[in-house]
Amino acid sequence: MKETFDYEISAKRNILSFNFKELWKYRDLISLLVKRDYVAVYKQTVLGPVWFFIQPLITSLIFTLIFGNIAKLAPVGKPPFLFFLCGQTFWNYFASCLTATSNTFVANASVFGKVYFPRLSVPISVVISNLLKFSLQFLMLLVVWVYYYFEGTYTIQINFTLLLIPVYLVLMALMGLGAGLVISSLTTRYRDFTFLVGFGVQLLMWATPVVYQLDTLALKNKFVMLFVTYNPMTSILEAAKYGFDCGGSFNPVLLTYSAVFAALLLLFGIAVFNRVEKTFMDTV
């Protein structure tokens, strides 16, 4: 009799395959991985999840002092603290997704070598767990925004582009996941990328209008202005700041460009990830 199996695991498959059905069957595993990532980080700390609020608050205060009061990079007529907090909140989500997913193969090699499950469940769980962290920081951002709205020192208006924030989150998640998959695949053979990721993310932040306005570059250097403008993260951060009426600009054309870039980067990341997945245990 011919044997039949519920699952057939094979290394021979299309490099662009993205099995939603299989990932859905392992949704319980993804939820456990999300819980692990969320709890394990602050399990033995005194303040616990309070660090989610402390980190962006302190960073935004320092940016307000240095880049707002001294360098005068904050927008005129808008609250500097809200400007820097908004940039930090959205940038941290992208940076966290990229940094965490870039170590998928190396960090989970011992598990991958013992039991089968969809390897993409690990980076996907990272994106979801970072979304929970973002939700807490976004709540803090809303509280600060409401405070300035009613405080009266600055003129803050309600902008209906805030409804597009879920779209911005999806684009950042796709870009962070796609870039992280590519780097994770490269680190199985070249461990140098492990050390370059943190440094590269910091450099990328300065190439993105997190602590400055895009308009301030127009009079500085046209090449730098062009480079920053076509950074796919720029239009997202600018649109987020525009939505909170703390500076920034809203450009549908550049947002469309960012969406296309995110989709292509994710497809490329999945292709590289699937190819390396077949043989990574021999090199990791």
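The values are calculated or read from the model by the stated rules, or taken from the named source; none is laboratory data. Only a predicted model underlies this, so the values are computations on that prediction, with no experimental measurement involved. Cβ placement follows ideal geometry from the backbone for every residue including glycine, while neighbour counts extend to all protein chains displayed.
Looking only at the stretch 273-281, decide whether some residue is at pLDDT 90 or above, among the hydrophobic types (A, V, I, L, M, F, W, C) and out of contact with any strand residue (DSSP E or B) (no Cβ under 9 Å at 6 or more places or on another chain).
Within the stretch 273-281 (the criterion being at pLDDT 90 or above, among the hydrophobic types (A, V, I, L, M, F, W, C) and out of contact with any strand residue (DSSP E or B) (no Cβ under 9 Å at 6 or more places or on another chain)), the answer is no, since none of the residues qualifies.
Taking the residues in the stretch 240-253 that are assigned to a helix (DSSP H, G or I) and not aliphatic (A, V, I, L, M) as candidates, determine which candidate is nearest to the chain's Cα centre (by Cα).
The qualifying residue nearest to the chain's Cα centre (by Cα) is 241.
Could you list, in sequence order, all residues of the stretch 110-151 that are surrounded by fewer than 16 Cβ atoms within 10 Å (Cβ to Cβ) and without any contact (Cβ under 8 Å) to a residue 12 or more places away in the chain?
Those that are surrounded by fewer than 16 Cβ atoms within 10 Å (Cβ to Cβ) and without any contact (Cβ under 8 Å) to a residue 12 or more places away in the chain: 110, 111, 114, 115, 135, 139, 142, 143, 146, 147, 150, 151.
Tell me, which helices (runs of 4 or more DSSP H) wholly within the stretch 2-78 include 1 or more residues that are among the aromatic types (Phe, Trp, Tyr), under 20 Å from the mean Cα position of the chain (by Cα) and modelled with pLDDT of 80 or more? I'd like the intermediate steps shown before the answer.
On the way: elements: 20-25, 27-40, 51-63.
Correct list: 51-63.
Take the conditions under 17 Å from the mean Cα position of the chain (by Cα), closer than 21 Å to residue 208 by Cβ, surrounded by 13 or more Cβ atoms within 10 Å (Cβ to Cβ) and at pLDDT 90 or above and apply them to residue 96. Does it pass?
Judged against the criteria, residue 96 is a match.
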